1. Specify which of the listed residues (L518, L512, L549, L560) is in contact with a Pro (Cβ under 9 Å, 6 or more places away or on another chain), aliphatic (A, V, I, L, M) and either under 27 Å from V446 (Cα atoms) or at pLDDT below 95 (or both).
2. From the list R391, R461, R449, exactly one residue is among the basic types (K, R) and within 25 Å of G493 (Cβ to Cβ). Which is it?
3. Taking segment 342-354 as the region of interest, how many residues are within 22 Å of F428 (Cβ to Cβ) and surrounded by fewer than 21 Cβ atoms within 10 Å (Cβ to Cβ)?
4. Taking the options E135, E120, E143, name whichever one is of a type in the set (D, E) and surrounded by fewer than 15 Cβ atoms within 10 Å (Cβ to Cβ).
5. Going through W451, W515, W522 one at a time, which residue ends up being out of contact with any helix residue (DSSP H, G or I) (no Cβ under 6 Å at 6 or more places or on another chain) and either under 22 Å from G423 (Cα atoms) or of a type in the set (D, E) (or both)?
6. (1) open to solvent by 10 Å² or more (accessible area, probe 1.4 Å); (2) within 32 Å of the chain's Cα centre (by Cα); (3) within 24 Å of D654 (Cα to Cα): which one isn't true of H523, the others all being true?
7. Mind checking which residues of segment 461-484 are over 19 Å from V645 (Cβ atoms) and part of a loop (DSSP other than H, G, I, E, B)?
8. So if I check each of V439, V453, V408, which one is modelled with pLDDT of 95 or more, under 23 Å from E345 (Cβ atoms) and surrounded by 20 or more Cβ atoms within 10 Å (Cβ to Cβ)?
Amino acid sequence: MKRSIHTRPCESLFALLCVILFSASVLHAQPTPPADPAKVADATAALASLKAHILGTSELTPEQIIACTKTLNDNKNQIGRSAELITACFDLVQTYDTRFSPLWVGYKNLSTKRREAGDEIHWAIFWVMQDLVDEAYNPACLERFSHALDGQRFACADLFPGKVEAPIEAEPYTVKINGSYPETWGAPILGAELPARKPTGAYLVPGTIATVTVPESLVNKGYQVRVGAHSWDLSNKPRVLRLHRVSTVYDITSIETKVANPLGGGIYIEVPLKADAGVVEVTVRNVARSPYFSWKSFDKTTLEQWRDVERNRKAPWADFQSDKFMMQVPTSWVYKLDDPDKLMEDWDKSMDIVNDLMGRPHQYGRETLYAQVDLQLRGSAFHPGYPGVNRGYDPTKDYGGYHDNHLVRGPQFAHSYEFHELGHGMLFPKYEGDRESAVNLLYVPVLCRGWGVELNESFRRSLTINNDFVTLESTAVEWMVCDHFLDGTGMLGYERQYQPKGHAKFVDIARLFGWDALGKFWHMANQDDMDSKPWPRDTKDTDEYTLRLSQAAGADLRPLIAFWGIATQDNEKSDADIKAAGLKPSDKVYNLLVKYQSLIPKDNAAFREFTLKWWGKEPSEKGFTTERNHAARWNDYDEAYAAKVRARVQAILDRYFPNGQPM
């Protein structure tokens with residue numbers, strides 16, 4: 001299966017992060033060098049000084065605390081080599097917790113951007129905990145120093161990931177997982193190289209060591225055990241609400257793997273790309289049980305099991321998984337959820353609709369969408385990923401067992417960001433300038449095809465627009481009275497992004513020629529990728545893109561695409577290509593453009609009435625580009641200006657329909 005991968009800058013960064021994470025797990029599998037006595041002594045002395053400061057027996061200056069912290073960080077690689085150092089680190093954290101309170105429980109205002117005076121000791125404890133997670137919780141260290149790690153926990157775990165009130169199971173617990181992760185047909189998607197994550201429904205209690213037993217088919221094949229689903233490194237965040245890295249990973253190198261994490265967390269099997277073990281049984285010992293609703297084809301939780309048993313488990317996080325959708329949400333969001341069958345059925349249906357649009361198969365080697373809740377977003381804004389983390393929560397709040405959030409209500413209630421970011425993750429080819437606009441398309445067919453939502457309402461909701469005045473028709477007017485429509489410049493990228501006119505062209509194609517036309521178009525792109533002829537992610541050859549789009553629709557779409565601000569680049573060649581493809585002018589496109597032309601405000605009063613309805617106020621000269629355009633026309637728009645706009649539309653009609661309406 002040959003593929004060529006084209007990435008944008010953030011996708012390249014994502015791929016690099018994947019390599020770094022994988023490399024870290026490989027490093028953990030290497031033999032551990034012996035401790036350096038001098039470095040251990042330096043680190044131990046720094047810990048002793050910090051402990052004396054916390055106890056008040058020997059006060060340090062802020063500069064001395066910073067120096068001690070630096071000494072510890074400089075020698076952190078000794079932690080995984082010395083039981084003495086592990087014990088001293090935990091002793092310092094526990095001393096801090098007793099003297100003050102656990103970090104984030106009592107002191108919450110750590111910031112990576114603005115270091116406050118007086119924060120030095122809190123940062124010291126932060127880094128001791130982080131270094132323990134990074135250096136002591138790996139297979140080699142756990143094998144050598146289980147006596148030093150057994151029973152060790154961070155008290156802040158009661159806040160995040162959360163307090164475990166479920167009992168440790170007396171008997172081993174066995175669950176079925178899919179141990180295969182085949183490559184998916186089609187062009188690459190974002191993060192496809194990451195392992196597929198498989199929940200077990202087991203939860204590690206902080207301070208305990210669990211044993212995971214797998215069949216021989218998983219040994220030394222790249223499989224791993226992960227403790228804690230929150231796998232994103234949040235070290236780039238300005239507000240520090242938890243440790244940067246809270247998830248621990250253990251390579252499966254024998255049929256039994258010992259795992260631990262001082263914060264606790266759900267236990268997952270990480271299945272590497274191209275693995276083919278099939279459905280296997282995994283047994284876990286010395287764990288609590290967490291709420292787990294499996295909607296997988298080979299293992300389904302019944303409603304009776306969910307209502308009577310699973311939702312009542314007292315671990316802080318719940319897992320939901322089908323073959324197409326997965327999420328982790330706080331248990332306090334779901335302990336009164338009555339019908340997860342319907343919830344997962346709805347999510348699966350929405351994934352099928354998305355994949356139909358994207359020209360992809362319904363079934364992947366892993367889920368189409370993996371969503372997760374964390375204390376904060378993983379990016380500076382909403383962001384795609386596996387998992388996608390675009391929802392925060394309050395760990396001190398009991399949400400009463402059912403939360404007003406689309407993850408537990410269903411995709412038909414979603415905020416537009418969920419499908420916008422999924423669109424980014426699909427990496428589908430776009431017109432240059434469409435990166436932040438075409439991705440809004442995905443939610444439109446989900447709503448109108450999946451739930452019968454009227455097309456214009458679906459169009460609005462794809463951007464979470466609450467103004468009922470916004471329709472495809474009013475969006476066309478909004479665009480026609482912009483400067484770049486009138487002067488023929490075309491719709492620039494910043495005029496498309498996060499705005500309805502950016503993806504209106506695709507919605508127009510769908511309403512004229514059906515959603516299957518768009519699905520056929522992106523299926524072409526996927527097939528070409530499989531044939532080692534990948535399309536650019538942001539194509540500059542817009543004529544070729546429009547030609548292929550026209551072939552999928554079975555009609556010449558150039559006038560519609562030109563209307564929405566993407567002009568033909570080479571008229572002579574484009575005419576020849578359209579003719580060679582046997583494509584004819586479309587009366588549907590003609591009638592739509594004539595309709596749009598008829599909606600142009602005829603005078604200043606009509607223009608003002610339109611803009612007041614569109615913006616809900618008089619447009620401001622300080623607004624974004626389109627609003628500034630409208631503000632500039634507030635006094636200037638008149639019959640003469642309207643005539644120029646009509647003439648611009650007529651020019652498009654004359655160019656592509658020289659004989660008038662097609663018969």
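1. L518
2. R461
3. Of the residues in that region, 3 qualify.
4. So the residue among E135, E120, E143 that is of a type in the set (D, E) and surrounded by fewer than 15 Cβ atoms within 10 Å (Cβ to Cβ) is E143.
5. Unique residue meeting the criteria: W522.
6. (3)
7. S462, L463, T464, I465, N466, N467, D468, F469, V470
8. Just one listed residue meets the conditions, V408.
The values are calculated or read from the model by the stated rules, or taken from the named source; none is laboratory data. Here the structure is a predicted model, which is why all the values come from computation and not from measurement. When we count neighbours, we look across all protein chains shown, and the Cβ atoms used for this are built from the backbone with ideal geometry, even at glycine. These accessible areas exclude ligands, DNA and RNA; they are computed on the full protein's heavy atoms, side chains included. Shrake-Rupley method; radii C 1.70, N 1.55, O 1.52, S 1.80 Å.
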